[in-house]
Amino acid sequence: MPTNIEIKARVDSIERLLPIVLALGGSEPVHSRQDDTFFECPNGRLKLRITGDGDGVLIFYRRPDELGPKSSYYTHSATSDPDGLRLVLTDAHGELGRVRKHRAMVQVGDARIHLDSVDGLGDFVELEVAVGERLGPEEATDQARELMEALGIDSQNLAKGAYLDLIMAKL
């Protein structure tokens, strides 16, 4: 079962963080525009992500809505017809809302660092450290904490929940 240790934090500027991320040995950023539609789901979160190139992926995940490093179980499936799938899922489950963002993803060791500019919310950083053959949950949590420190992420800036939760809280 695929699992990450994750954190999400509000940041003043993703442009300020990028040179720090690259200095940590990060790969060149991969940029994408993402449009996430969330659907009613009783046992976790279900979202359909459509990227700027029209590719789609349906993502189910389950993680606690808490601050700090937390475990996130996920599974996903690509689709060649994301707009059609959005209509079917909306009819079947109901749409909760949409989140649109620009993401710069940088790989640093076992971690994916997402520098997100979220429409209507501002700038955020997400860390996802993969749990698996190389790292157990404790080691992945330690790595997430080390990256938080290296990036200057203060615990008071941590966010819980999904971007959709933060958008809904503003309404």
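The values are calculated or read from the model by the stated rules, or taken from the named source; none is laboratory data. Computed from a prediction, not measured in an experiment: that's the story for all the values here. Cβ atoms come from the backbone with ideal geometry, glycine included; neighbour counts cover every protein chain shown.
Determine whether region 92-99 contains at least one residue that is in contact with a helix residue (DSSP H, G or I) (Cβ under 9 Å, 6 or more places away or on another chain), at positive phi and either among the aliphatic types (A, V, I, L, M) or at pLDDT 95 or above (or both). Yes - at least one qualifying residue is present in region 92-99.
Selection of region 33-50 for residues being within 14 Å of the chain's Cα centre (by Cα) and surrounded by fewer than 16 Cβ atoms within 10 Å (Cβ to Cβ) yields only Arg33. In the set His93, His102, only one residue is touching a residue at least 60 places away in the same chain (Cβ under 8 Å) and over 22 Å from Pro2 (Cα atoms); that residue is His102. State yes or no: is Leu121 modelled with pLDDT of 95 or more, touching a Ser or Thr at 6+ places or on another chain (Cβ under 8 Å) and not aromatic (Phe, Trp, Tyr)? It is false that Leu121 is modelled with pLDDT of 95 or more, touching a Ser or Thr at 6+ places or on another chain (Cβ under 8 Å) and not aromatic (Phe, Trp, Tyr). Could you run through region 1-32 and say how many residues are of a type in the set (Gly, Ala, Ser) and exposed (fewer than 12 other Cβ atoms within 10 Å of the Cβ)? Selection size over region 1-32: 3.
Restricting the search to strands (runs of 3 or more DSSP E) fully inside region 67-140 and requiring at least 1 residues that are among the aliphatic types (A, V, I, L, M) and within 20 Å of Ile14 (Cβ to Cβ) gives 95-108, 111-118, 122-131. Residues that are basic (Lys, Arg), in a loop (DSSP other than H, G, I, E, B) and either touching a helix residue (DSSP H, G or I) at 6+ places or on another chain (Cβ under 9 Å) or surrounded by fewer than 19 Cβ atoms within 10 Å (Cβ to Cβ) (or both) within region 52-66 are absent altogether. You will find that of Arg134, Arg112, the residue that is under 17 Å from the mean Cα position of the chain (by Cα) and charged (D, E, K, R) is Arg112 and no other.
Here Glu139 meets each of (1) at pLDDT 95 or above; (2) surrounded by fewer than 18 Cβ atoms within 10 Å (Cβ to Cβ); (3) of a type in the set (D, E, K, R) with one exception, condition (1).
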